[in-house]
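Data block below; observations after.
The values are calculated or read from the model by the stated rules, or taken from the named source; none is laboratory data. It should be emphasised that the depicted structure is a prediction, and the values quoted were computed from it without experimental measurement. Positions of Cβ are backbone-derived with ideal geometry, glycine not excepted, and every protein chain shown enters the neighbour counts. With ligands, DNA and RNA removed, areas are computed over all heavy atoms of the protein, side chains included. Shrake-Rupley method; radii C 1.70, N 1.55, O 1.52, S 1.80 Å.
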Amino acid sequence: MPEFTPVIKKNDIQRQTVRIAKIISDDYQGRELVLVGVLKGAFIFLADLVRQLTLEKVKIDFLQASSYGADTISSGNIVLKKDIDVDIRGKDVLVVEDIVDTGLTLAYLIRHLKRMSPGSIKVCAMIDKRERRKAAVTVDYACSTVPEGFLVGYGLDYAEYYRNLPEIYHMKL
Ligand code: IMP
């Protein structure tokens, strides 16, 4: 049985989401914003974030990438499993990620989205995990920063389990 240690409590997740949503709302006031959630992990965070945005015109779409290799670290061999449908040409795009670790997935997704000629593209992540960063990606809006460790809950999985946990835990196998 894995060992779970709480890392980010429900109240803190909520507080941080409200804080970041205010900043995003200020930054994009009067503009139309397309949120692009990265499946599957970002689905809960995006759902909570979007309801805190005070913008009139928001569109939501999702894409999904997967990387093959060792279980708990991105291999860098990334494959796009699902693309967006919304036309982002000339639009302000905000990529919503659950967690940025090596940054390889995000770098790939940004390269992919840039080919569609958006007006601007920024990144919001629930968790910025910086220690294993390999790609030079900028996380413009981060709710929490953690140095290391494998986290589950609030959308984050291990082998597809534990996404439903209401808080974020460090998992030790
Ligand atoms: P990266 O390409 O190394 O930045 O990894 C990004 C993806 O790996 C995230 O979108 C997650 O799906 C997954 N991932 C990275 N770290 C964790 C973690 O601690 N728990 C669960 N999934 C993670």
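Being in contact with a Phe, Trp or Tyr (Cβ under 8 Å, 6 or more places away or on another chain) and either more than 9 Å from the ligand (Cβ to nearest atom) or at pLDDT 95 or above (or both) narrows it down to one residue among Val152, Val100, Val139; which is it? Before the answer, list the steps.
On the way: Val100 fails: in contact with a Phe, Trp or Tyr (Cβ under 8 Å, 6 or more places away or on another chain); Val139 fails: in contact with a Phe, Trp or Tyr (Cβ under 8 Å, 6 or more places away or on another chain).
Checking each option against the conditions leaves just Val152.
Pairs only if they're at least six apart or on different chains, beta carbon under 7 angstrom, first in segment 99-110 and among the small types (Gly, Ala, Ser), second near the ligand (Cβ under 6 Å from one of its atoms); list them, first residue then second.
From residues that are among the small types (Gly, Ala, Ser), there are no pairs.
Tally the residues that are without any contact (Cβ under 8 Å) to a residue 60 or more places away in the chain, part of a helix (DSSP H, G or I) and open to solvent by 10 Å² or more (accessible area, probe 1.4 Å), restricting the search to segment 32-71.
3
Output the residues belonging to segment 85-121 that are under 28 Å from Ile168 (Cα atoms) and among the hydrophobic types (A, V, I, L, M, F, W, C).
Let us first name the residues in segment 85-121 that are under 28 Å from Ile168 (Cα atoms), namely 93-110, 121.
Listed by number, the residues that qualify are Val93, Leu94, Val95, Val96, Ile99, Val100, Leu104, Leu106, Ala107, Leu109, Ile110, Ile121.
State the number of residues belonging to segment 103-129 that are within 8 Å of the ligand (Cβ to nearest atom) and under 22 Å from Arg19 (Cα atoms).
2
Residues in segment 79-108 that are surrounded by fewer than 20 Cβ atoms within 10 Å (Cβ to Cβ) and not in a loop (DSSP other than H, G, I, E, B): how many?
7
Out of the residues in segment 142-164 that are touching a Gly at 6+ places or on another chain (Cβ under 9 Å) and either in a strand (DSSP E or B) or free of Cβ contacts under 8 Å to residues at least 40 places away in the same chain (or both), state the one that is surrounded by the fewest Cβ atoms within 10 Å (Cβ to Cβ).
Taking the candidates together, the pick is Asn164.
Residue pairs, Cβ under 7 Å, 6 or more apart or interchain, first in segment 124-141 and open to solvent by less than 30 Å² (accessible area, probe 1.4 Å), second part of a strand (DSSP E or B) and of a type in the set (Phe, Trp, Tyr). List them.
Listed by first residue and then by second, the contacts come to Cys124/Tyr141.
Arg111 versus (1) outside any strand (DSSP E or B); (2) buried (at least 20 other Cβ atoms within 10 Å of the Cβ); (3) over 14 Å from the mean Cα position of the chain (by Cα): which is the lone unmet condition?
Checking Arg111 against (1) outside any strand (DSSP E or B); (2) buried (at least 20 other Cβ atoms within 10 Å of the Cβ); (3) over 14 Å from the mean Cα position of the chain (by Cα), the one that fails is (2).
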